[in-house]
Structures are given as C-alpha cells and as structure tokens.
Amino acid sequence: DQLVDQRAADRVGERVRVLLEEVDADGTVVGRAEHQGPEVDGSCEVIGVAQPAIGLFVDGVVVESIGVDLVVEADS
C-alpha cells in the first residue's frame, strides 16, 4: 500500500487527461486518468470543471494525492 500511495504522491504536478465517470449530487466530479484502470486503480476527483458531464475528457494538473486517489485541477 505504501508503494502505491507513493506512486500517487509522485504524480503531484503532473499533467493528466481524465475521463469523467460520475457527477455526485453534491457536485463532486469523479473520473480516472489514462493510467488508471477501471476498478483496480485509484480515481481522480476533478475540481474546477465548469460544466461536468459523464464521458467528457478533461485535461488538468494533479494538485494532491489522497492515498491512491488523485485530486486534479481542470484547465480553465
């Protein structure tokens, strides 16, 4: 677990493309980056998406890691 968490932390500052897969009722936008496999790797919470929609690809920068999960700030 520590190794996987460290790999996620190493991605902070990296540019990624995220496929949006879920928009929660509270406005939380969740997806996965190109390097994340469905149901086996962590996910990405994407912040700053003006009009989130499931299936949309969003480019951004990893600004934080929370365990294996990433927080990505979408490009403006």
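The values are calculated or read from the model by the stated rules, or taken from the named source; none is laboratory data. What you see is a predicted model, and the numbers here were worked out from it, not measured in a lab. Heads up, the Cβs are rebuilt from the backbone with ideal geometry, glycines too, and the neighbour counts pull from every protein chain shown. Surface areas here come from the heavy atoms of the whole protein model, side chains and all, with no ligands, DNA or RNA. Shrake-Rupley method; radii C 1.70, N 1.55, O 1.52, S 1.80 Å.
Tabulated results
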quantity: Where a residue in the range 20-31 is under 10 Å from Val49 (Cβ atoms) and its partner, wherever it lies, is of a type in the set (S, T, N, Q), with Cβ under 9 Å and at least six apart; calculated: Gly31/Ser43
quantity: Residues (touching a strand residue (DSSP E or B) at 6+ places or on another chain (Cβ under 9 Å), open to solvent by 60 Å² or more (accessible area, probe 1.4 Å) and either touching a residue at least 12 places away in the same chain (Cβ under 8 Å) or more than 27 Å from Gln2 (Cβ to Cβ) (or both)) located in the range 33-58; calculated: Glu34, His35, Asp41, Glu45, Ile47, Gly48, Ala50, Ile54, Leu56, Phe57
quantity: Residue selected from the range 3-24 under the condition touching a strand residue (DSSP E or B) at 6+ places or on another chain (Cβ under 8 Å) and of a type in the set (D, E, K, R), by the criterion farthest from Val68 (Cα to Cα); calculated: Asp24
quantity: Selection count where residues are part of a loop (DSSP other than H, G, I, E, B) and either within 11 Å of the chain's Cα centre (by Cα) or of a type in the set (Lys, Arg) (or both), scope the range 29-40; calculated: 3
quantity: Any hit, the range 49-68, residues being in contact with a Ser or Thr (Cβ under 7 Å, 6 or more places away or on another chain), part of a strand (DSSP E or B) and of a type in the set (Asp, Glu); calculated: no
